[in-house]
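Participant: Take this structure first; my questions come after.
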Amino acid sequence: MQIDRKTLFTGAGLVAALAIGFGAAKLSDRASPPAEAGEEAEAAEGAKADFVKLTAEQARNAGVAVVAVAQGGAADIRLSGRVEPAPEARAVIAAPVSGSVQRVLVSPGTQVSAGAALVLIRSADGATVRAEAVAANADAEAARAALAREERLLNEGVVARQDWEAARATSVRATAQAAAARARVAAAGGPDADGLTAVRSPIAGLVTSLQTAPGGFVSQGGPVAEVSNPARVEVVFNAPPEAAARVKAGAPLKIISADGSEADAIIIGVAPMAMGSTGGAVVRARPTGGRLTPGSAVSASVVSTGETLPTVPAEAVQTVGGRSVVFIAEGQGFRVSPVTPGRSGGGYTQIVTGLRGGERVAGRGAFLLKAELSKGEGGDED
């Protein structure tokens, strides 16, 4: 069979076209993996750009405070107050008798137990009180012996009943006088026969101050020392009048210290109109968790009983790349997390979306993480 030249050329052209197409397809297949690797590298670079690598110690040293995301909302009542020793955890100890200070047994900062001796005072008044008690006890003992003798003679018919009754009255009176004398000794601090009296602490705690020194003189009722128990504290808040009606005893509080640490507390008392002409209230709360330092200033959020939303300190919300974000603490640093902020007030911001509550985010010092993130982006561009 004869094949003309035109047909041959046409077949050769078709084979060449197929070969070129197949080759291009193979080249395209080989070029695909580098393109996918580039996309993965770009995604990894984006993830890196949304993470600030910083250990917990480095964060603390830089002044970044990590706080837990609370459930509440910007509409909750915000209070400011101060940590104070609980009323029963503070004692101002006075001298029970006048006298000269013989020894001071403690110094400020000493941990003492209840009943521990703080100062020794030698007192003439104390010696007198002790002597009177000894005499009263002797009189009472003699009166009891006389009563027993009169009762025996009465039973034998030797004395009249009125003699026994007189002896009984004398014994009762002497016994009462002896009891009163012992009470005076106890009130005087229990001085011995020489008038040496130990001034003792009624509570356990730390000696916070001393107002006496060896060789000095102290008057009866004069201050000797102060002792307080730093583990038993209360927080006292000054609440505005409009908040007084909304704050109830038994309501929970979230107390935030100046360093960003948190503690739970319960309101134990509300005193409306306690601030006189301002009409404000005094709110007292007792911590139920965490540790607070007496004398430190704190703020608090009254936990709402209605619908709640995650709440963070206002400075925790930063603007990065035109979006609102928070920095969530993770194992080796802080991850940027976009959020939708809601209302703000009292130094706190309500988070509508982006947080569930319970996360730990950078509060005070969050702007430092933003600066570090921006610095990292600048370095990439270079």
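The values are calculated or read from the model by the stated rules, or taken from the named source; none is laboratory data. The shown structure was predicted, so the numbers you read here are calculated from the model rather than taken from an experiment. Counting neighbours? That spans all protein chains shown, and the Cβs are built from the backbone with ideal geometry, glycine included.
Participant: Would you point out which residue out of A179, A186 is assigned to a helix (DSSP H, G or I), at pLDDT below 95 and within 30 Å of G115 (Cβ to Cβ)?
Facilitator: Values: A179 fails: at pLDDT below 95.
Answer to the selection: A186.
Participant: Hey, can you tell me all the residues within the range 219-255 that are assigned to a strand (DSSP E or B), buried (at least 18 other Cβ atoms within 10 Å of the Cβ) and at pLDDT 85 or above?
Facilitator: V224, A225, E226, V227, S228, V233, E234, V235, F237, I255
Participant: A further question follows. Could you check how many residues of the range 291-303 are among the basic types (K, R) and either in contact with a His (Cβ under 8 Å, 6 or more places away or on another chain) or at pLDDT 80 or above (or both)?
Facilitator: So the count comes out to 0.
Participant: Are there any strands (runs of 3 or more DSSP E) wholly within the range 338-378 with 1 or more residues that are more than 11 Å from F327 (Cα to Cα) and modelled with pLDDT of 90 or more, and if so which?
Facilitator: Qualifying strands (runs of 3 or more DSSP E): 340-345.
Participant: Still on this structure: I want to confirm something. Restricting to the range 105-129 and keeping residues that are buried (at least 18 other Cβ atoms within 10 Å of the Cβ) and part of a strand (DSSP E or B), which single residue is nearest to the chain's Cα centre (by Cα)?
Facilitator: Within the range 105-129, the match that is nearest to the chain's Cα centre (by Cα) is V112.
Participant: Look through the range 142-158, keep the residues that are free of Cβ contacts under 8 Å to residues at least 24 places away in the same chain and either in contact with an Asp or Glu (Cβ under 6 Å, 6 or more places away or on another chain) or of a type in the set (D, E, K, R) (or both), and return whichever of them is surrounded by the most Cβ atoms within 10 Å (Cβ to Cβ).
Facilitator: E150
Participant: Could you list, in sequence order, the residues of the range 167-203 that are closer than 30 Å to P85 by Cβ, buried (at least 17 other Cβ atoms within 10 Å of the Cβ) and of a type in the set (A, V, I, L, M)?
Facilitator: A188, A198, V199, I203 - these are the residues of the range 167-203 that are closer than 30 Å to P85 by Cβ, buried (at least 17 other Cβ atoms within 10 Å of the Cβ) and of a type in the set (A, V, I, L, M).
Participant: Right, another one. Say we look at the range 304-331 and pick out the residues that are part of a loop (DSSP other than H, G, I, E, B) and within 21 Å of V66 (Cβ to Cβ); which of these is modelled with the lowest pLDDT?
Facilitator: Of the residues in the range 304-331, the ones part of a loop (DSSP other than H, G, I, E, B) are 304-308, 317, 321-322, 331.
The next check asks that each one be within 21 Å of V66 (Cβ to Cβ); those that pass are 317, 331.
Numbers: V317: 94, G331: 83.
Here the residue is G331.
Participant: Here's a follow-up. Does the range 175-186 contain any residue that is under 30 Å from V104 (Cβ atoms) and in contact with a strand residue (DSSP E or B) (Cβ under 7 Å, 6 or more places away or on another chain)?
Facilitator: Within the range 175-186 (the criterion being under 30 Å from V104 (Cβ atoms) and in contact with a strand residue (DSSP E or B) (Cβ under 7 Å, 6 or more places away or on another chain)), the answer is no, since none of the residues qualifies.
Participant: Next question. What are the pairs, 6+ residues apart or on separate chains, where a residue within the range 337-366 that is of a type in the set (F, W, Y) has its Cβ under 9 Å from a residue that is modelled with pLDDT under 85 and outside any loop (DSSP other than H, G, I, E, B)?
Facilitator: Final answer for the pair search is Y348/A70; Y348/G72; Y348/R78; Y348/S301.
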